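Okay, structure first, notes after.
Values quoted throughout were computed directly from the atomic coordinates according to the rules given, and no laboratory measurement underlies them. Please read these numbers as outputs of a predicted model, since none were measured by experiment. Note that we place each Cβ from the backbone using ideal geometry, even for glycine, and neighbour counts take in every protein chain shown.
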Amino acid sequence: MPDPTEIPAGLVAYLAERDRHRARRVANALAERTPAERTLMKEAAVMGYVQGRQASRDAEVPPDSAILRSVVAACLDMPDLCPAISAHEAAEEATDA
């Protein structure tokens, strides 16, 4: 009798192929972006992840526009972690001084 906890080899192979396919799609999508676009995507994604980890599981998900504002605000508050997003504001502050 087969072990009910063992994952069939065919399923393992299929899942591995899907992982490789997903990785290729991500690599291609990132390769099509400019370095500046990739940097903005990375900073926003990381801060979005951080914000999501801090959110309560019971909290209602806000609208996309509110999420965007929250993530950008967090990036601006941490310019050392998100220099691309903070660069414009830093440049404006430098010219105002």
Quiz item: For ARG24, all conditions in the list (1) over 16 Å from VAL71 (Cα atoms); (2) within 12 Å of the chain's Cα centre (by Cα) hold save one; what is the number of the exception?
Solution: (2)
Quiz prompt | Residue satisfying condition, being over 16 Å from the mean Cα position of the chain (by Cα), loosely packed, with under 11 Cβ neighbours inside 10 Å and under 30 Å from GLU93 (Cβ atoms), within set PRO79, PRO63 | solution = PRO63
Quiz prompt | the range 1-48: number of residues that are surrounded by 10 or more Cβ atoms within 10 Å (Cβ to Cβ) and not in a helix (DSSP H, G or I) | solution = 1
Self-check item: the range 36-60 residues that are on the phi < 0 side of the Ramachandran plot, paired with ones that are part of a helix (DSSP H, G or I) and exposed (fewer than 15 other Cβ atoms within 10 Å of the Cβ) (beta carbon under 7 Å, 6 or more apart)
Solution: ARG38/LEU30
